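Peer 1: Can you read through this structure? Questions will come right after.
No lab work stands behind these numbers, since they all come straight from the coordinates. Just so it is clear, the model here is predicted, and its values are computed rather than measured. No Cβ is skipped: glycine too gets one built from the backbone with ideal geometry, and neighbour counts run over all protein chains shown.
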Ligand code: NAD
């Protein structure tokens with residue numbers, strides 16, 4: 001396929017590189033002038049999108065996405081898949097999808113989980129929103145860049161799935177860290193606590209797969225000085241998006257709101273830009 005790729009940052013660059021490796025012809029654009037081996041460099045976003053079978057965007061936020069879509073939609077080839085893999089607010093995802101569909105394009109919002117490691121290894125999970133036809137057109141590219149793609153329904157539903165998932169993640173990570181901090185004060189050994197909780201009803205991905213206590217459970221950023229991993233700033237971004245969506249949709253999310261407040265405070269004081277699991281040392285130091 002001929003592919004345009006816009007936004008060649010930490011995630012976009014390795015995703016574009018994997019498309020090249022799979023034999024696709026990729027033209028890329030990034031405002032920062034980034035180049036990726038094997039990717040033809042375009043001078044504008046519109047140039048990258050012109051005449052392509054698929055156009056992928058991997059951008060920082062909804063405002064930038066809307067600006068980029070104003071440039072690339074008029075350049076799109078009728079029937080091209082316009083796949084946005086950025087994490088953005090649901091309203092922006094639906095607005096750009098409507099704009100693209102009105103121009104005869106096939107929009108898909110397809111945020112990812114798996115982080116920079118998953119982008120490099122081609123093992124991302126895509127959560128997709130859009131028509132059956134658009135999803136089918138994007139599917140071969142999801143197979144190159146990832147290991148799983150779930151079609152979540154109409155446009156915006158990919159973003160909805162992503163922020164609901166990450167709201168659960170933020171809340172369970174805080175609860176897991178609180179439980180360790182409490183266990184410490186109660187004289188309960190962290191390993192014993194892990195052994196019980198990881199096989200009892202308190203288990204979760206935060207405890208079992210990404211344990212925030214160093215030296216306990218599987219390898220995680222806690223074992224590496226809380227170097228991200230998944231930075232607390234990115235968790236805060238996603239929690240803010242879920243709160244924005246909750247307000248917009250009139251949903252009650254009191255724990256999500258509290259998690260957003262806690263990460264806001266943490267990010268403000270955390271000079272080392274640590275992983276989102278560093279809530280544990282923060283609480284242990286009594287700072288939380
Ligand atoms: P990044 O900041 O490394 O990359 C974004 C890129 O977009 C930058 O290179 C920037 O120069 C470029 N850009 C900004 N405005 C542009 C414009 N108008 N036209 C063209 N390029 C422009 O960010 P990232 O870590 O690659 O994340 C990208 C998206 O993926 C975000 O929405 C993020 O929330 C999401 N995401 C990131 C991770 C992660 O672990 N990093 C995981 C899942 C999802």
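Peer 1: Once the Cα atoms of helix 132-145 and of the chain are each reduced to a long axis, what angle between those two axes, in degrees from 0 to 90 to the nearest 10, is obtained?
Peer 2: Once rounded, one gets 70 degrees.
Peer 1: Please work out how much length the chain gains when fully extended from residue 102 to residue 201, using 0.36 nm per residue of separation minus the C-alpha to C-alpha distance, in nm with one decimal.
Peer 2: Difference between extended and current length: 30.8 nm.
Peer 1: Starting from the 7 Å offset along Cα-to-Cβ, what nm value, one decimal, do you get for the label separation of residue 248 and residue 53?
Peer 2: Distance between the two pseudo-spin positions: 3.2 nm.
Peer 1: Tell me the mean residue ellipticity at 222 nm calculated for the chain from its helices only (DSSP H runs of n ≥ 4, each -39500 (n - 2.57), averaged over every residue, nearest 500).
Peer 2: Computed ellipticity for the chain at 222 nm equals -15000 deg cm²/dmol.
Peer 1: Can you give me the angle between helix 90-102 and the longest principal axis of the chain, using Cα atoms only, in degrees from 0 to 90, rounded to the nearest 10?
Peer 2: Compared with the principal axis, the helix lies near 10 degrees.
Peer 1: Quick one: 272, 30, fewest Cβ neighbours within 10 Å first, how do they rank?
Peer 2: Going from least to most buried by this count: 272, 30.
Peer 1: Tilt of helix 62-72 relative to the longest C-alpha principal axis of the chain, in degrees (0 to 90, nearest 10)?
Peer 2: For helix 62-72, the angle is close to 10 degrees.
Peer 1: Can you tell me the length gained on complete extension of the stretch residue 44 to residue 123, counting 0.36 nm per residue apart and subtracting the Cα distance?
Peer 2: Taking 0.36 nm per residue and subtracting the Cα distance, the gain is 25.5 nm.
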